[in-house]
Amino acid sequence: MIRQLEADAVVVGGGTSGCYFAWRLGQAGLRTIVLEKRRLADVGQEIDIFHMDEVRFPEFGLPLPTNGELIGYYPTGLAWSPDLQVKNEVRYPFYVMHKPAFHQRLYRYVEREGGQVLERAEVVWPLIEGGFLVGVRALHQGAPLEVRGRIVVDASGIDGCLRTRLPADFGVETEPIRERDTLYVCLEFRDDLPPGTPTGLNFYPFHKAFWNPSRGKGAILGIGQPGGYDVAWQKHREWREEYFGNPGRVVKRTQGRTPYRRSPYSLVGNGFMLMGDAAFQTKPFSGEGVTSSFTACQIAAEVAIAALQLGDVSRAALWPYNTRYFRGQGAKFASMFVQLPAAAGLSRREVDFLFHHNIIFSGEDLRQMNLDYETRLTPRDTAAMAARLAWGVASGRFSARSFKRLLDASSAAARIKAHYQRYPEDPGGFDAWVQEAKKLWGEETI
């Protein structure tokens, strides 16, 4: 016999996105059930330590970290040029936090508002009736379970275990993420570090690497790279040996994946919403996804609450989540996904040139990128940057080919951002919008 449960909303995935959404619905008096395939004590262990912008806590109604969550507070960080001759101070405060403890806090929030979090509950199949997603079949600690809700949410992480099981005609892209759209993140925790090694938050953009604080006086040496874990660990070793040798003692190594691609064109269907890493809502410039996903979850929760209160959870009723997300953060992220590959393809010498002349990697540029997910340049700023780049080309320190690639990427990014800011108000204009978006992304169109 199959055990059956019901709620206003069923959330697949007990990570930060799913729990934040469930908590917000609970605050509105709606009952949620969260299904997490792992043991709750294991959630967050693969990353262990992460950081959150200070400004995001009040934005999302979260108290600041204390006790077991708090590792440290850092009001500034450093971005280093490849030659280590330039270190740009980024005045943007972060809290370094213990991720499993933060998850436990979110579980308490959900349960305090009447929600239920089930561990070791793995989704097997979606339940679709009359064109609406009405629940899921799962295995809960090995036993069959059916959970029904008026809205069903996929917040299951990068593999999107619910999205990828939906019918192809459901109105949401169902293809699994490809390896080429994935960043492989490798973290090495080191203790007993010798004097002279970095302290605080340190970012090495050319290598896509960082040296950040861990517990006590330890450090985390991390990197994010495409191509698989073997490639990422090899790049990690090369970067670490070049700059630091083999400092201190390795405590442990962990690894994980993060999506690096545009979000699906629609995040809703009849009775369905998609968010977090499952919706590829990570920051393009860092690969992090907690707070950027909270932005989406906050919108989704407001839309879901209104739909549930009205008794209409159709695709059209949930559509404002699409419109509000893609015209805001989604448009900025789409723009960055177009621009950043051109910057990532620059040579070491070219990145050094940019650092030495405060182009792209200045402290203020990086502060704005973290705060607003874009840099705001006046026409005078743009002209001055172009002049410095032209001088770099003339002096042989920056290639004409790279200059053209940056200019082309900037132009393409502006077009795609403008297109996302015109995201349709309702499903009626969606197909035409998608066809144009595919052209701008260089994808095949029908």
Within the range 333-420: Cβ-based charge dipole about Cα centre, in debye rounded to nearest 20 (Lys, Arg +1; Asp, Glu -1): 280
Tell me, what is the percent relative contact order of the range 266-321, built from C-alpha pairs under 8 Å that lie six or more residues apart? 42
Rounded to 5, percent antiparallel among DSSP beta bridges of the chain: 70
Per-residue counts of other Cβ atoms within 10 Å, averaged by peptide: what ranking do you get for 242-255, 14-27, 214-227, highest first? 14-27, 214-227, 242-255
Ranking request for peptides 266-272, 71-77: highest mean number of other beta-carbon atoms within 10 Å first, then the rest in descending order. 266-272, 71-77
Measuring from a point 7 Å past the Cα of residue 340 along Cα-to-C-beta, which residues in the range 196-232 have an amide N at less than 18 Å? 202-211, 222-229, 232
For residue 49, other-chain or 5+-apart residues with amide H closer than 5 Å (H placed, Pro excluded) are 99
Quick one: what are the phi-derived ³J(HN,Hα) couplings along the range 332-338, Karplus 6.51/-1.76/1.60 with θ = phi - 60°, whole Hz, x for glycine and proline? 5, 5, 4, 4, 5, 5, 7
D_trans [Stokes-Einstein, Kirkwood Rh over alpha-carbon pairs] for the range 292-419, 10 °C, 1.306 mPa s, µm² s⁻¹: 94
Quick one: how many lysine pairs in the chain have C-alpha atoms under 20 angstrom apart, if they're 8 or more apart or on different chains? 17
Distance (nanometres) between label positions extended 7 Å along Cα→Cβ at residue 387 and residue 231: 4.0
Please list, in order along the range 131-144, the HN-Hα scalar couplings obtained from phi with the Karplus expression 6.51 cos²θ - 1.76 cosθ + 1.60 (θ = phi - 60°), rounded to whole Hz, x for Gly and Pro. x, 10, 7, 10, x, 9, 9, 9, 10, 9, 6, x, 9, x
Listing 12, 55, 90, 153 from the residue with the fewest other Cβ atoms within 10 Å to the one with the most, what is the order? 55, 90, 12, 153
With labels modelled as points extended 7 Å from the Cα through the Cβ direction, what inter-label distance (nm, one decimal) is found for residue 84 paired with residue 64? 3.4
Based on DSSP H runs of at least 4 residues, each adding -39500 (n - 2.57), what is the mean residue ellipticity at 222 nm of the chain after dividing by all its residues, to the nearest 500 deg cm²/dmol? -12000 deg cm²/dmol
Size of the dipole of the chain about the Cα centre, Lys and Arg at +1 and Asp and Glu at -1 on the beta carbon, nothing else charged, in debye to 20? 700
Please compute the contact order of the range 180-259 in relative form: average sequence separation of alpha-carbon pairs under 8 Å and at least six residues apart, divided by the residue count, as a percent. 46
Report the label-to-label distance for residue 408 and residue 302 in nanometres (one decimal), using points 7 Å from each Cα along the Cα→Cβ vector. 3.9
Extent along principal axes [Cα atoms of the chain; Å; largest to smallest]: 72, 53, 38
At a threshold of 8 angstrom on Cα-Cα distance, excluding pairs fewer than six apart, so keeping six or more, what relative contact order does the chain reach in percent? 16
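Quick note: the coordinates plus some simple rules give every number you see, no bench work behind them. Just so you know, these numbers come straight off a predicted model, no measurement behind them. Here Cβ is always computed from backbone atoms with ideal geometry, including for glycine, and neighbour counts include all displayed protein chains.
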